[in-house]
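The values are calculated or read from the model by the stated rules, or taken from the named source; none is laboratory data. Just so it is clear, the model here is predicted, and its values are computed rather than measured. With ideal geometry, Cβ positions are generated from the backbone for all residues, glycine too; neighbour counts draw on all protein chains shown. Surface accessibility is based on the protein's heavy atoms, side chains included, excluding ligands, DNA and RNA. Shrake-Rupley method; radii C 1.70, N 1.55, O 1.52, S 1.80 Å.
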Amino acid sequence: MTSVHSRQNRAATPPGPKLPAVVQTLLWAAAPVKFGKACLRRYGSLFTARILGFGDVVYICAPAGIRRILRDDAGAFDAAGANESIRFMVGEYSLLMAEGAAHTNRRKVLTRPLHGDNVAAYVEVMVSITEQEIRRWPAGRTVRLLGCFQRVTLEVMIRAVFGITGSARLNRLRELVPRLLDLNPLIILLPSARRYFGGFGPWAAFQRLLREVDRIIYAEIAERRARLRADPASAGGDVLSVLLGRDQDSENITDTELRDHLVTLLAVGQETTATQLAWFFERVLRAPGALQRVTAAVDGEDRQVLDAAIHEAIRTRPTTLDIGRIAVRPWEYDGYLFPAGTMFAVSLGLLHSSGDLHPDPEVYSMERFFPAEPPSAHFMPFGGGSHRCLGASLAMVEMRTIISTILRHVRLEAAATAPERVMAKGPMLVPRRGAEVVVTENHLLSGTTSAVPVRE
Ligand code: HEM
């Protein structure tokens, strides 16, 4: 950065499309990957987009800039402010709504139940939930994997992570949660759309659903508190039990805090994992030799290859393109002085699609990840710094387990040779046809499965 360069740009924003904000917003909402890649090609790794509801958004896609925002200068940024648009769902005690000391404290509370050792105990129930799903797939059937994985990951979340076993509550949550998470984008993007309109409209419908889900969660919390008081040995290894266990150790945690933690995990952990799994099969079934390689890795319990295949799916088909940050004080980067209040989109998706860092970026090739992994600054599937994904261990255990269970029992083919297009569905980037596959063999139904144990 030269001083002339700095002087020239101190009051300016990085270049970006000249289209009216409404057109940019439509392009961004309808085809965010295409829009982002086109801007990256044209303006480089620092550009400004104008998005209604957010204003000028500065995209950062180069490793050096991303590292400074997420790690070195993290104190100059507010992640919670960038999550403000979902506060009405996750609640004020959510980890997503905290910065600084409050964030560190809430993160500490959630770290133990989501730690690798603890989530390894969920494997058995994950296998059984996946097998239950596979039994719905007779040979010859065409299946949309995204819907299947949404069922499986929801079941993992409410049974393994929340520890809910009562069938009435389970059934009700199975029905309500998918509707709750299928948020109308209008009420996220436009605070003015959050109005009751006499009990009609998306906001009123959302509030009814949220109240019903909250009622079930609060009833579960009350029952589990009472059970734990009567019999401390009744605690399981699920997140709710571990959090209530802390309470027994006199680290008081209120019902509202517990509710906000659980709803946060649902909001950020379920659809992401389901969608990433769908993309995994969409990619692997189309890349020459990839399915054979992954199947051999599962049979040989070669975790390095399986993880490489999962990472390459995340690199080539992320479920979200970027994460938000708001500058809380002036910040200088690449010759620009950004004032406090500037909104940044830290684009991990565009970082991962850079041809300079990942040659032939469009090609799915798990070999990029072994024997050596790319530098951590070039590949950050779960973000970095103090807000790095708290569910990364759980997500990896879950994806490995579900993929391994499927490949042990079932043979799948892509329903069409053409890749599925990326479609924006709320905040998620999903395969347009839901990762459509044909089941060619199902050993679980024909009774010929080799019962290889799944280990973690
Ligand atoms: C493949 C699946 C997943 C991906 C790709 C993913 C990705 C990410 C990323 C990139 C962030 C960083 C956001 C930021 O810096 O602002 C994040 C945060 C987070 N994720 Fe995940 N995630 C996944 C699954 C999960 C699961 C299963 C859970 C838990 C059940 C979870 C819980 C969280 C939480 C609580 C945060 C907020 C952390 C904080 O602000 O301190 N995620 N995730």
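List of remarks:
- Cα centroid separation, region 138-210 to region 93-112 (Å): 25
- Region 8-77: C-alpha gyration tensor shape, a/c 1.5 cut-off, then a/b vs b/c: prolate
- Where the chain is the region considered: accessible area per residue in Å², 1.4 Å probe: 45
- Calculated [222 nm] ellipticity per residue, helices only, for the chain: -15000 deg cm²/dmol; basis is -39500 (n - 2.57) per DSSP H run with n ≥ 4, divided by all residues, nearest 500.
- Probe 1.4 Å - accessible area at Asp299, Å² to nearest ten: 100
- Nearest-10 value in Å² for the accessible area of Cys148, using the 1.4 Å probe: 10
- Per-residue SASA remark: Lys108, around 130 Å² accessible (1.4 Å probe; ligands, DNA and RNA not included).
- Across the options Gly198, Ile221, Gly245, the greatest Cα extent toward the positive end of the charge dipole of region 171-252 (unit charges at beta carbon of Lys, Arg, Asp, Glu) belongs to Gly198.
- Simple spin-label estimate for Glu373 and Ala226 gives 4.6 nm between the two label positions (7 Å along the Cα-to-Cβ direction from each Cα).
- Long-range HN-HN contacts of Lys425 with modeled amide H, under 5 Å: Val430
- Contact order for the chain, expressed relative to its length and based on alpha carbon pairs under 8 Å spaced 6+ residues apart, stands at 26 percent.
- Accessible-area composition of the chain, carbon plus sulfur, in percent [1.4 Å probe]: 54
- Remark: accessible surface ordering of Val22, Val152 (largest first) is Val22, Val152, probe radius 1.4 Å.
- Percent antiparallel among DSSP beta bridges (both partners in the chain, rounded to 5): 85
- Listed residue (Ala424, Ala120, Pro63) projecting farthest to the positive dipole end of region 3-446, Cβ model: Ala424
- Phe77 long-range amide H proximity, modeled H, under 5 Å: Val328
- Here the Karplus curve 6.51 cos²θ - 1.76 cosθ + 1.60, taken at θ = phi - 60°, turns the phi angles of region 277-293 into couplings of 5, 4, 5, 4, 6, 4, 6, 4, 6, 10, 8, x, x, 5, 4, 4, 4 Hz, with x standing for Gly and Pro.
- Restriction of the chymotrypsin sites (Phe, Trp or Tyr not before Pro) in region 364-456 to DSSP coil positions whose beta-carbon has at most 16 other beta-carbons within 10 angstrom yields Phe382.
- Region 40-75 and region 350-374: distance between their alpha carbon centers, rounded to Å: 21
- Ordering Ser354, Ser347 by accessible surface, largest first, gives Ser354, Ser347; the 1.4 Å probe counts only protein heavy atoms, with every chain in place.
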